[in-house]
2 protein chains.
Amino acid sequence: MAADSPYKIDVALIHCPVINKSGEIIGSAVTNLDLHDIARAGCTYGVDTYWVVTPDTMQQDLVREIVSHWTEGYGGSVNPDRKNALSLIRVCSSLDEVIEGMTEKWSVRPHTLATCARPGQGTEGYSETRNRIRQGIPELLLFGTAWGLAPEVLSRVDGILPPLRGINEFNHLSVRSAVSIILDRLMALPDER
Amino acid sequence: MAADSPYKIDVALIHCPVINKSGEIIGSAVTNLDLHDIARAGCTYGVDTYWVVTPDTMQQDLVREIVSHWTEGYGGSVNPDRKNALSLIRVCSSLDEVIEGMTEKWSVRPHTLATCARPGQGTEGYSETRNRIRQGIPELLLFGTAWGLAPEVLSRVDGILPPLRGINEFNHLSVRSAVSIILDRLMALPDER
């Protein structure tokens with residue numbers, strides 16, 4: 001859990017169900033740097049829990065092994081900042097488990113917001129999301145690996161953030177970059193930017 | 001080179017000289033996902049060239065091999081977006097070579113701006129940097145691997161951006177996250193955020 005965060009915000013990285021390049025439903029493999037980069041960004045911007053979601057028990061064990069190296073093993077003793085960051089990670093099997101865990105933690109069901117790089121998907125803006133977070137309403141931000149969250153995930157959330165756009169139509173950011181940018185947009189103080 | 005960018009902005013990722021955890025001057029090894037993530041963010045936000053700076057010729061060859069897989073080999077044929085992104089990469093040996101290359105490209109020496117996670121280093125704000133970039137002045141953004149740019153690099157730039165801050169003193173972002181966030185702060189249109 002994040003120390004000193006005034007917000008109730010969690011991030012979930014979904015490995016299944018996501019889509020592949022052809023739009024088919026798949027489960028993706030865990031990427032080591034997704035664990036580190038998103039945990040480090042989460043710790044910087046006040047995320048309470050970073051949920052790593054995969055139904056594959058061998059992948060779950062792999063994540064736990066990596067996390068424990070940094071939180072309980074040698075990694076954490078030589079790099080306490082990394083220990084603090086990776087302490088945010090909690091492994092689970094499904095989006096249902098994430099929502100149950102958050103509801104239990106904060107005694108209220110979180111507002112759920114998906115992210116999607118495909119055009120035309122946005123239903124809620126950054127400004128209104130910032131306001132909601134600052135009011136202390138528990139918020140779950142969902143990110144997909146591979147080519148993004150499956151339609152069955154997008155259809156059951158409360159809203160979808162607009163795709164990140166730069167200067168043109170190219171927006172093929174890594175999920176590590178997308179999480180970092182979105183947390184900065186939502187959580188950095190205005191005078192920091 | 002980035003297509004359709006109205007800006008003259010380059011990014012350089014320095015592998016030597018940088019500092020290690022103890023503040024000693026070192027050269028770091030290239031990380032594959034630094035190439036991909038920063039190229040993808042650069043392509044999204046209109047970076048013209050992404051300079052990968054290392055004096056180690058074996059590391060240079062490794063970078064060129066990875067880049068050519070995606071720009072000329074099988075990778076690019078199955079993933080054209082990745083091809084476009086990695087086409088931004090140019091390998092070189094030193095900061096001097098970067099500045100010479102930019103001066104040649106735009107017929108004027110670029111304004112050079114370092115980034116640094118250590119507190120108290122900021123000398124130029126995001127707002128004034130945005131204004132300069134929008135005026136079309138060539139800008140070089142320097143990022144360090146490992147524990148950051150060596151003092152000898154910081155002492156020869158025109159300015160230093162303030163460290164990224166979230167909600168507290170923890171700001172141990174990966175360089176991939178830092179580049180992504182800083183490009184978003186500098187280049188995203190205000191109504192996008």
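The values are calculated or read from the model by the stated rules, or taken from the named source; none is laboratory data. Small disclaimer: the values here were computed from a predicted structure and weren't measured. Methodologically, a virtual Cβ is constructed for each residue, glycine included, from the backbone with ideal geometry; neighbour enumeration extends over all protein chains shown. Quick note on the areas: whole protein, heavy atoms, side chains included, nothing else; ligands and nucleic acids left out. Shrake-Rupley method; radii C 1.70, N 1.55, O 1.52, S 1.80 Å.
Observations, loosely collected:
- Among A:Y74, B:Y50, the order of accessible area from largest down is A:Y74, B:Y50, computed with a 1.4 Å probe on protein heavy atoms.
- Charged neighbours of B:S127, selected by a Cβ distance under 13 Å, balance to +1 (K, R count +1; D, E count -1).
- Dipole of the protein assembly as shown, positive end: most advanced residue of A:V157, A:G125, A:S177 [Cβ charges, Cα centre]: A:G125
- The mean number of partner chain beta-carbon atoms within 10 angstrom of a residue's beta-carbon across peptide A:42-55 is 3.
- Loop-located GluC sites (Glu not before Pro) across region B:1-80 with a Cβ neighbour count of 13 or fewer within 10 Å are B:E24, B:E72, with loop assigned by DSSP.
- Kyte-Doolittle mean at least 0.5, axial Cα span of 30 Å or more - DSSP H helices of chain B: none
- Relative contact order [Cα under 8 Å, 6+ residues apart], chain B, whole percent: 29 percent
- Normalising the Debye intensity of region A:89-136 to I(0), with uniform scatterers on Cα atoms only, and taking log10 at q = 0.20 Å⁻¹ returns -0.88.
- Distances from B:S127 to itself in the other copies, using label points 7 Å out along the Cα-Cβ axis, amount to 1.8 nm in increasing order.
- Within the protein assembly as shown: Cβ-based charge dipole about Cα centre, in debye rounded to nearest 20 (Lys, Arg +1; Asp, Glu -1): 500 debye
- The heavy atoms of B:W147 offer some 130 square angstrom of accessible surface to a 1.4 angstrom probe.
- The order of A:S5, A:S107, A:S177 by accessible area, most exposed first and with a 1.4 Å probe, is A:S107, A:S5, A:S177.
- 1.4 Å probe, heavy atoms, protein only - residues of region A:173-188 losing at least 30 Å² accessible area vs chain alone: A:L173, A:S174, A:R176, A:S177, A:S180, A:I181, A:D184, A:R185
- Nm distances between copies for A:S107, ranked from closest, using label points 7 Å along Cα→Cβ: 6.9
- Here the relative contact order of region B:105-171, from alpha carbon pairs under 8 Å that lie six or more residues apart, stands at 52 percent.
- Solvent-accessible area per residue in chain A equals 41 Å², computed with a 1.4 angstrom probe and all protein chains kept.
- Mean-position separation - Cα centroids, region A:134-176 and region A:36-95, in angstrom: 21 Å
- Ranked from shortest, the separations from the 7 Å Cα-to-Cβ label point of A:E72 to its equivalents in the other copies are 5.0 nm.
- The GluC sites (Glu not before Pro) of region A:111-193 that DSSP puts in a loop, and whose beta carbon has at most 12 other beta carbons within 10 Å, are A:E169.
- Estimated [θ] at 222 nm from DSSP helical runs (n ≥ 4, -39500 (n - 2.57)) normalised by residues in the protein assembly as shown, nearest 500: -12000 deg cm²/dmol
- Taking Cα centre as origin and charging only the Cβ of basic (Lys, Arg, +1) and acidic (Asp, Glu, -1) residues, the dipole magnitude of chain A rounds to 360 debye.
- Aspartates and glutamates with Cα under 20 Å of A:K83, excluding same-chain neighbours fewer than 8 positions away: A:D4, A:D10, A:D34, A:D37, A:D48, A:D61, A:E65, A:E72, B:E169
- Charge dipole magnitude, Cβ of K and R +1, D and E -1 - region B:80-193, Cα centre, debye nearest 20: 220 debye
- Carbon + sulfur, % of accessible area of region A:1-144 - ligands and nucleic acids excluded, 1.4 Å: 49 percent
- A viscosity of 0.890 mPa s and a temperature of 25 °C, combined with the Kirkwood radius over C-alpha pairs in the Stokes-Einstein formula, give the protein assembly as shown a diffusion coefficient of 116 µm²/s.
- Across the protein chains, with a 1.4 Å probe defining accessible surface, the residues A:R134, B:R130, B:R185 rank A:R134, B:R130, B:R185 from largest area downward.
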